[in-house]
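Taking it in order: structure first as structure tokens, then the write-up.
The values are calculated or read from the model by the stated rules, or taken from the named source; none is laboratory data. Values in this document were obtained by computation on a predicted structure and should not be read as measured data. Please note: Cβ atoms are built from the backbone with ideal geometry, for glycine as well, and neighbour counts cover all protein chains shown. With ligands, DNA and RNA removed, areas are computed over all heavy atoms of the protein, side chains included. Shrake-Rupley method; radii C 1.70, N 1.55, O 1.52, S 1.80 Å.
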Amino acid sequence: MAATLSHQYHHCHNSISAIKLSEKRLTDSKPRTSIPIPSCRRKPKNSIENRRDSSLRRAIRNHVDSGQMREALEIFEKMDCSETYVWNLMIRGFTDNGLFFEAINFYRRMENQGIQADNFTYLFVIKACGASLSFFEGQKVHGKLFKVGLNSDVCVCNSLVSMYGKSGFIKLAGELFDEMPVRDLVSWNSLVGAYVAVGDGRNSLACLLDMQAFGMTPDRVSMISALKACSIECFIRSGKEVHCQVLKCGFELDLMVQTSLLDMYSKCGRVDYAERLFREISQKTIVVWNAMMGGFVLNSQPQKSFACLKKMQEDDNLSPDAISIINFLPSCAQFGAFLDGKSSHGYAIRKGFLPHVVLETSLIDLYGAFGKPKLAEYIFGQMEEKSLVTWSSMISAYVQNEQNEEALNLFLELLIKPLQPDAITLASVLPAYSEVATLKEGKQIHGYISKSEHRSNTYILNSLVYMYAKCGEPETARAIFDRILFRDVSSWNTIIMAYAIHGFGRKSIELFSMMRDEGIRPNYITFVSLLTSCSTSGMVDEAWRFYNSMKRDYNIVPGIEHYGCILDLIGRTGNLDRAKNFIEEMPLTPTGRIWGSLLTASRNHRNIELAEHAAEHIFALEHDNTGCYVLLSNLYAEAERWADVERIKSLMKQRGIKKTVGWSLVESTTSSKPYKFINQDKSHVQTNIIYDVLSILLRKIGEEKSVHGMIKLKPQDLKNNRAYSAENHSVRLAICFGLISTKVGKPVLVRKNTRICKDCHSVAKKISEITKREIVVGDSKVFHHFRDGNCSCGDYW
DNA sequence: ATAGGGTTAG
């Protein structure tokens with residue numbers, strides 16, 4: 001706002017030329033095909049040469065106007081021309097046809113050859129600079145203008161304002177505008193557009209008001225920019241005001257204005273208004289169809305988007321272009337129509353739309369959403385040109401498909417590229433850090449964010465809070481939470497959840513009351529976090545209290561997640577009948593997660609029959625639920641029902657289900673990357689020492705088994721024992737390595753991708769006792785803080 | 001003879 005109001009607006013009364021110009025532009029049809037008049041007789045050229053040149057000029061112009069730049073260039077090179085007009089023609093041609101760098105190069109060549117540039121030359125080249133975001137080149141041209149005395153030309157200045165806006169230098173655009181000796185309507189529109197270009201809809205609209213205060217009447221271009229400003233800010237009220245102005249000025253039949261109105265309404269969430277406008281547009285171009293399709297996608301109406309794609313071909317005989325496909329693809333994901341997505345990809349290939357950065361990026365999104373990270377990766381790998389959005393999309397595709405390490409590696413690769421991660425990139429990668437990073441790596445990304453411009457972005461800080469909790473430092477999570485400038489409801493939900501996963505239930509409840517004291521209204525997620533906390537901390541009474549309160553006091557209907565937490569708690573008490581009844585009486589259809597809760601409870605209370613019942617339900621819903629197979633098979637193993645164990649095993653084999661490889665991560669002293677141990681891991685360079693430490697500790701604890709004993713077992717015993725023996729489980733190896741590679745007094749931090757087993761849990765407790773070290777193990781559900789022989793989870797997890 | 005600002009895209 002301040003930037004606009006600071007403008008000095010001198011000479012604004014001088015608007016006669018502006019009115020003329022805007023009137024002229026209202027009938028906006030350029031006589032592009034008019035025959036060029038031969039240039040006035042100049043130098044000693046004979047008439048034959050003159051005639052020849054003029055026909056060549058005409059040929060160039062025809063090629064330029066029909067987009068055949070190669071042909072135009074061919075003629076140009078043959079005629080060896082020193083006429084400014086022809087050079088201008090070429091530069092304009094390149095710019096109009098999207099060949100911005102060629103345009104800039106041509107201008108350079110012109111300079112080198114000493115050919116006089118004029119105001120037209122500068123206009124075209126500045127336009128090319130703006131479109132290609134070549135800020136430095138644009139600034140050089142700007143400097144040159146002073147030398148040649150064109151720095152006050154109103155057209156040139158207008159295009160400079162626009163160029164600075166497009167390159168993101170809004171301050172320069174504003175300053176230039178302020179300093180212009182003469183301003184017309186286009187100058188104002190350029191500034192309005194510049195604000196839109198940097199995503200500042202507020203100032204764009206403020207500028208629109210200012211221009212009217214200075215006696216300028218907005219024209220159709222002003223309206224189009226203003227509507228875009230409204231969509232950026234989701235200002236539907238302003239949008240409607242502009243709509244009224246459109247009607248008052250009689251622009252309602254202007255196709256571009258109509259399209260902009262349609263787009264504004266759908267971006268502001270009123271796709272119904274957009275649809276009504278759409279129906280009234282008589283001349284539906286591909287842009288109109290695309291905008292409508294985009295509106296349906298944005299407002300999650302994939303069916304209608306599908307219908308659009310069909311109808312644009314049937315009704316108007318238009319064939320979808322690259323933008324149509326870009327708009328259409330998300331609706332395939334929304335609709336779960338993988339085949340349609342894939343065939344759109346095929347269509348794009350057949351139509352020759354590829355390579356195309358935006359389209360390819362959309363395809364990465366598509367395949368990411370459909371659980372095909374390999375396909376996304378393929379597209380990413382073969383792309384010639386990648387934008388920051390491309391990288392963010394690929395990172396996000398990995399994260400969505402639980403390929404967190406790939407996401408981290410790709411992010412690190414991005415950091416050494418000239419592209420700077422933006423808020424979206426960071427928001428995409430942070431969940432990957434939460435899942436698989438160690439504290440050291442977490443601190444690195446935190447440091448990076450602190451130094452970036454995103455250091456006070458609430459959304460990102462919320463992710464950081466969660467990340468610290470998941471990396472094992474709830475205190476740091478809290479410290480960051482405390483320093484968030486603008487805490488939203490997610491900030492509170494996150495810190496409550498942070499304490500929940502560490503089993504600090506009291507803390508969660510404390511934060512919940514602080515949240516209420518600050519007048520933040522809890523939402524659905526808040527109660528998921530709270531109930532999770534009650535469940536991990538075993539606070540049964542509190543859980544019921546919150547459960548009742550959410551309906552009564554906040555009018556929030558409990559969802560499946562809430563029922564899951566309550567069920568966990570019932571299961572924990574061991575009242576399995578009650579748990580079973582609870583599921584039956586639930587008003588919602590039980591999900592795999594619900595049956596999983598019953599399965600865990602049955603396992604912990606050794607009720608094989610009920611476990612089988614739960615597992616049956618899980619398999620009916622998710623035949624590929626690996627955890628369910630493993631849990632069931634472990635249950636049988638504990639009961640020494642080896643035949644059943646074998647049955648489950650062959651079932652898994654038959655259905656092509658592979659056991660998730662369990663791993664434990666621990667920071668490494670020798671490398672910046674953490675070390676990932678798997679069960680029976682022997683790959684670490686310090687393997688011998690690690691196993692020696694483990695052996696000594698186990699002997700002290702009294703688990704009198706040799707850790708190298710596995711080798712001595714008979715093959716048959718090995719077969720039965722190996723998978724179920726906890727002796728060399730990854731978590732133990734990680735703890736031992738942690739003990740010898742971290743400073744005494746510091747806790748040993750280990751992260752696991754699966755639940756910790758009972759044996760390892762009790763071993764960890766004892767290790768914490770005899771080594772007098774705090775050991776923190778974050779498994780796939782909760783964190784275990786082992787200290788002095790006890791665990792924070794209270795031996796239930 | 002050529003102008004400047006403006007519609008759909010991740």
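Quick check on this structure: which one of A:Arg57, A:Arg109 is part of a helix (DSSP H, G or I) and surrounded by fewer than 16 Cβ atoms within 10 Å (Cβ to Cβ)?
Residue meeting the stated conditions: A:Arg109.
Restricting to segment A:142-185, and then to whatever is more than 15 Å from A:Cys207 (Cα to Cα) and basic (Lys, Arg), can you tell me which residue is nearest to DNA strand B (Cβ to nearest atom)?
A:Lys166
When you look at A:Lys451, is it of a type in the set (Lys, Arg), surrounded by fewer than 22 Cβ atoms within 10 Å (Cβ to Cβ) and not assigned by the TED database to the domain that holds A:Asp779, yes or no?
Criteria met by A:Lys451.
Considering only segment A:130-146, state which residues are under 14 Å from A:Cys157 (Cα atoms) and touching a helix residue (DSSP H, G or I) at 6+ places or on another chain (Cβ under 7 Å).
A:Gly130, A:Gly138, A:Val141, A:His142, A:Leu145
Report, by residue number, each residue of segment A:266-301 that is more than 13 Å from DNA strand B (Cβ to nearest atom), in a helix (DSSP H, G or I) and surrounded by fewer than 20 Cβ atoms within 10 Å (Cβ to Cβ).
Once the filter is applied, which keeps residues that are more than 13 Å from DNA strand B (Cβ to nearest atom), in a helix (DSSP H, G or I) and surrounded by fewer than 20 Cβ atoms within 10 Å (Cβ to Cβ), segment A:266-301 yields A:Asp272, A:Glu275, A:Arg276, A:Arg279, A:Glu280.
Take A:Tyr499 and decide whether it is surrounded by fewer than 21 Cβ atoms within 10 Å (Cβ to Cβ), in contact (Cβ under 8 Å) with a residue 24 or more places away in the chain and not assigned by the TED database to the domain that holds A:Arg751.
In short, no.
Select from segment A:81-106 the residues that are more than 45 Å from the chain's Cα centre (by Cα) and open to solvent by 10 Å² or more (accessible area, probe 1.4 Å) and write down the one among them that is farthest from DNA strand B (Cβ to nearest atom).
Here the answer is A:Ser82.
Of everything in segment A:306-334, what is among the aliphatic types (A, V, I, L, M) and within 27 Å of the chain's Cα centre (by Cα)? Give them in sequence order.
A:Leu309, A:Ala322, A:Ile323, A:Ile325, A:Ile326, A:Leu329, A:Ala333, listed by residue number.
Taking helices (runs of 4 or more DSSP H) that fall entirely within segment A:130-222, which contain at least 3 residues that are among the hydroxyl-bearing types (Ser, Thr, Tyr) and out of contact with any Leu (no Cβ under 6 Å at 6 or more places or on another chain)?
Correct list: A:185-197.
For segment A:571-601, enumerate the residues that are surrounded by fewer than 14 Cβ atoms within 10 Å (Cβ to Cβ) and in a helix (DSSP H, G or I).
Of everything in segment A:571-601, those that are surrounded by fewer than 14 Cβ atoms within 10 Å (Cβ to Cβ) and in a helix (DSSP H, G or I) turn out to be A:Asp577, A:Arg578, A:Asn581, A:Glu584, A:Glu585.
Residues that are near DNA strand B (Cβ under 10 Å from one of its atoms), in contact (Cβ under 8 Å) with a residue 24 or more places away in the chain and open to solvent by less than 50 Å² (accessible area, probe 1.4 Å): which helices (runs of 4 or more DSSP H) entirely in segment A:304-415 hold 1 or more of them?
Where helices (runs of 4 or more DSSP H) fall fully within segment A:304-415 and carry at least 1 residues being near DNA strand B (Cβ under 10 Å from one of its atoms), in contact (Cβ under 8 Å) with a residue 24 or more places away in the chain and open to solvent by less than 50 Å² (accessible area, probe 1.4 Å), they are A:322-335, A:357-369, A:388-400.
Considering (1) buried (at least 22 other Cβ atoms within 10 Å of the Cβ); (2) over 30 Å from A:Ala637 (Cβ atoms); (3) acidic (Asp, Glu), say which one A:Asp568 fails and leave the rest.
Only one criterion is unmet by A:Asp568, namely (2).
Within 27 Å of A:Lys267 (Cα to Cα), more than 10 Å from DNA strand B (Cβ to nearest atom) and polar (S, T, N, Q), is that true of A:Ser134?
No; evaluated as a whole, the condition is false for this residue.
Can you confirm whether A:Ser204 is under 35 Å from the mean Cα position of the chain (by Cα), crowded, with 24+ Cβ neighbours inside 10 Å and near DNA strand B (Cβ under 7 Å from one of its atoms)?
No, not satisfied.
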